[in-house]
1. Extending each Cα 7 Å along its Cβ direction at L102 and D127, get the distance between those two points in nm, one decimal.
2. Restricting everything to alpha-carbon atoms, can you work out Rg to Rh for the chain with a Kirkwood hydrodynamic radius?
3. First compute the accessible area of the chain with a 1.4 Å probe, then give the percent of it belonging to carbon and sulfur atoms.
4. State which entries of K89/K135; K128/K159; K56/K159; K15/K227; K15/K49; K135/K175 exceed 22 angstrom in Cα-Cα distance in the structure shown.
5. Given a 1.4 Å probe, how much area per residue of the stretch 88-233 is accessible, in Å²?
6. Quick one: grab the alpha carbon gyration tensor of the stretch 117-233, order the square roots of its eigenvalues as a ≥ b ≥ c, and give me rounded if a/c is under 1.5, else prolate or oblate depending on whether a/b is larger than b/c.
7. What's the extension gain from E45 to N82 if we count 0.36 nm per residue and subtract their Cα-Cα distance?
8. Stretched out fully, how many nm does the piece from K227 to N68 gain, at 0.36 nm a residue minus the Cα gap?
Amino acid sequence: MNNNIYYPMITGNMKMVELIRSDYRFLLTLSRFNIPLGFGNSTIEQLCKANNVDLKTFLMVVNKLDGNDKNDDDNLEGINLNQLIMFLKNTHSYFFEYRLPLLQELLSKIVDGAEPVHKALLIDFFDKYDSEVRKHMLFEEKNVYPYVENCINKIHSSKYTIDYFEQHHNDIEKKINDLRNIIIKYLPPLENINVVNDMLYMLFQAEDDLNRHTLIEEKVLFPCVRKIESSIN
């Protein structure tokens, strides 16, 4: 394995369609910055300007997600934290309103043909996963993001620091792994394997999406807030 893979910087001159072709997961990034499709051959810079998206913030996010770590903490100056918070909140809305309900719908199709004991087990594990994701995101909505917004407005609470939130930034990988393992290793063969595979595929996608969400918080949001904290203490 080559640990010195070079990832070219994504710049504003790059056409947005080329960004999407390089990694289809950037479709979710666009929607979370409220950038619609139908952009033809426009560049990233042109689309950010047309949709009132801060170019530096957008480029910081996509480069971090692309594995380009050359844009380190020294380049965080000037990041629009309000837009970054909007981006992160839109990720939460996507899970609350779309991803989790769709997983629930797929699960209902799977358990419809399962034995009662397996049905109860799957529902229990999914409920734990769903609850953990919602608890994690609601904690951020009620505590972390309001704290960040106070820092942006130079209102600093001595009760917390961003380091405190980062230390309590628990991952939810165990719950999703438990659910996947139950389906892959222990669920008896069901009639519609395609629905089971759809469920598993979406669980892998959900895990990847949450990991990318966490990456932006830990590599962009938290370092930016630390800089603000140091300036208002």
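The values are calculated or read from the model by the stated rules, or taken from the named source; none is laboratory data. Fair warning: this is a prediction, and the values are worked out from it, not measured in the lab. Cβ coordinates were reconstructed from backbone atoms using ideal geometry, including for glycine residues, and neighbour counts include every protein chain displayed. Heads up: the accessible areas ignore ligands, DNA and RNA and are worked out on the full protein's heavy atoms, side chains in. Shrake-Rupley method; radii C 1.70, N 1.55, O 1.52, S 1.80 Å.
1. Simple spin-label model gives 2.5 nm for this pair.
2. Radius of gyration over Kirkwood radius for the chain works out to 1.02.
3. Details: 6350 of 12700 Å².
Heavy-atom surface of the chain belonging to carbon and sulfur, 1.4 Å probe: 50 percent.
4. K128/K159; K56/K159; K15/K227, as the Cα separations exceed 22 Å there.
5. For the stretch 88-233, the solvent-accessible area averages 53 Å² per residue.
6. Prolate.
7. 11.4 nm
8. Values: separation 159, 0.36 × 159 = 57.24 nm, distance 2.14 nm.
So the extension gain works out to 55.1 nm.
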